[in-house]
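The values are calculated or read from the model by the stated rules, or taken from the named source; none is laboratory data. Computed from a prediction, not measured in an experiment: that's the story for all the values here. Note that we place each Cβ from the backbone using ideal geometry, even for glycine, and neighbour counts take in every protein chain shown. These accessible areas exclude ligands, DNA and RNA; they are computed on the full protein's heavy atoms, side chains included. Shrake-Rupley method; radii C 1.70, N 1.55, O 1.52, S 1.80 Å.
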Amino acid sequence: MLSVTNVKLVIYLHKNRHVDDAPLDKRRKLGTGRVMTSITSSQGRQALAPVTTNQKEVAAASSEAQEKQDWMRDYLKRLKVCIKWFQKSLEDLAMEKDNLRNMLDSSERNRVKAGFVKQREVAVKEVGILRGELQKIREDRERQLVLVQELTSELARFKENIGCTVAEVDKLSIKSSALE
């Protein structure tokens, strides 16, 4: 059974067949047998008149429609394949982005760890240097302490000797004054 759109097209083609020299294949739609169309009478009433379509035209239109339908079906299949390929590509790119992000994070962590190791090495060296300097300061302090102790004991001996000598000098001064 023909749809209203097909009926209108068949009528249009039938009326304009002789006026237009262009091929009819591009304007055909499916249709079979006889079709009733309305014709306006002079009094404004519509009457139905039979319109016959050529079986070859119908077959050609049907074949053309089938070809277009097959082409569209094939086109849609190829389009679906393209869409799937793009989706897969997007997924692959997202995974690659994640992998690169993970590698960057790992590299950053390793760099930070390496920095800490270097800082630790520098700190260990500085601690070694400071310990050496502290040891030298301790040794120097001990030498100075020994020197102070030696000087203190020598000072005490000198005081003793001076004390004896002063006492002797006082005795000799008294004797010398008495002799005078």
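Some points to look at:
- Per the listing ARG120, ARG141, the residue uniquely surrounded by 10 or more Cβ atoms within 10 Å (Cβ to Cβ) and more than 60 Å from the chain's Cα centre (by Cα) is ARG141.
- For LEU104: the one exception among (1) over 38 Å from the mean Cα position of the chain (by Cα); (2) among the aliphatic types (A, V, I, L, M); (3) open to solvent by 90 Å² or more (accessible area, probe 1.4 Å): (1)
- Within the range 150-170, tally of residues that are open to solvent by less than 90 Å² (accessible area, probe 1.4 Å) and among the aliphatic types (A, V, I, L, M): 4
- The set of residues from the range 52-97 being aliphatic (A, V, I, L, M) and open to solvent by 100 Å² or more (accessible area, probe 1.4 Å) comprises LEU90, LEU93, MET95.
- Note on the range 125-138: residues that are open to solvent by 100 Å² or more (accessible area, probe 1.4 Å) and over 51 Å from the mean Cα position of the chain (by Cα) total 3.
- The listed residues are LEU147, LEU179, and the only one of them that is free of Cβ contacts under 8 Å to residues at least 24 places away in the same chain and loosely packed, with under 10 Cβ neighbours inside 10 Å turns out to be LEU179.
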